[in-house]
1. Under 10 Å, Cα contacts only: if you run a Gaussian network model on the chain, which one of LEU260, LEU114, LEU289 comes out with the highest mean-square fluctuation?
2. Treat the count of other C-beta atoms within 10 Å as a stand-in for reagent exposure and order MET67, MET152, MET184, MET254 from fewest to most.
3. Using the alpha carbons of the chain, what is the convex hull volume per residue in cubic angstrom, as a whole number?
4. How far is helix 108-118 tilted off the main Cα axis of the chain, in degrees rounded to 10, range 0 to 90?
5. Run lengths n ≥ 4 of DSSP H only: what is the helix-derived mean residue ellipticity at 222 nm for the chain, with -39500 (n - 2.57) per run over all residues, to the nearest 500?
6. Cβ under 10 Å from PRO230's Cβ, PRO230 left aside: what net charge do those residues give with Lys, Arg +1 and Asp, Glu -1?
7. Take the chain, connect every pair of alpha-carbon atoms lying under 10 Å apart with a spring to form a Gaussian network, then pick out the residue of VAL304, VAL47, VAL60 with the largest mean-square fluctuation.
8. Can you tell me the orientation of helix 74-97 relative to the chain, as the angle in degrees between its alpha-carbon axis and the longest Cα principal axis, to the nearest 10?
Amino acid sequence: MTRTYLQTSQYEQLSNIRRWQIHAGSNHFCFNGHCITGRNLSGAIIVICLISLTSIIWLVFELPILMKEFNNSSLWILIIGFLLILYTYIYFFRSMCTDPGIIQRPSSIERTILRRKLNLDKIKSNDLNNLMYDIKINNILIKCKYCVTCQMIRPPRSSHCAICSNCISILDHHCPFLSTCIGMRNYRFFILFLIFLLQTQLFLFATSLIKILIYINDRLFSQSIIPSIPSYFILIITACSALYTCNLLGYQCMISSRGLTTREDDKGIYMNENPFNTNSWFINLARKLCTSLPPSAYGAHRLVNQTEYRLIKDNV
Ligand SMILES: [Zn+2]
Ligand SMILES: [Zn+2]
């Protein structure tokens, strides 16, 4: 098929097109492509509603009573509670809205080169799913799979998320509670979210328990069943959710300290030899959480030029 170049008027229109507007995956974008989320936001909406409801109940019903009882340290209760809730929100949205490490699909030219190089036309479509290529990292042989949807060989540790329809660098898992993939670029925000969420849950649980104990101590308990309902609500919600958060955070710390991702641990990849394990739990954790954040390779907010537009558009 003969390829035609875009007319000047089309090119002028194109000068305002950003990469997210011709994105091939199933993501939502806002703030001109600076914010990327998954397709189904229901999980994230439920989580944010639960955090907001518990926080509002604590601020309205618990905090005034605690500040009155602990007159000397009332300001500290307010500051700690406010900061914990604030940082929980910040890291919730940072992990939810950061590009997890979307890998740009190859252009039509790159795909043609790959097809010829790997003789893909001679391979049956069913066998393409199992197509693997060996590469060596730290003298350990690892397998890189061919992605049928993105039509490329995935880099090591990356995987295709069927929900978001993208290949993600160092994919950990698709988190239904954050409605996004957790990958190379948002894993640290996910861990920080879990840390602040757990601290907030424990703080709200402890302060609500103290309020109930104050009522019991003052023998007001029998007369104050109705005012205690918010405290019981917070106790039940925070106790149940803190157990889950603690379990999840502990598991993530355990696999990260072994140089694994959730997907690798779940599928038993690198059970015998792990080229990404430095044999030091501290360095493994530091590599995942403390190294500088790589810039978004996908760059959904970037303007596309004429050549790039044609090459990307061929993929859609
Ligand atoms: Zn893919
Ligand atoms: Zn996903």
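Read-outs throughout are calculated quantities, based only on the coordinates presented, and are distinct from any laboratory measurement. Every value quoted in this text rests on a predicted model; they were computed, and no experiment measured them. Heads up, the Cβs are rebuilt from the backbone with ideal geometry, glycines too, and the neighbour counts pull from every protein chain shown.
1. LEU114
2. Lowest to highest Cβ neighbour count: MET254, MET67, MET152, MET184.
3. 177
4. That works out to roughly 70 degrees.
5. -16000 deg cm²/dmol
6. Counting the neighbours of PRO230, the net charge comes to 0.
7. Looking only at VAL304, VAL47, VAL60, the largest GNM fluctuation is found for VAL60.
8. 20
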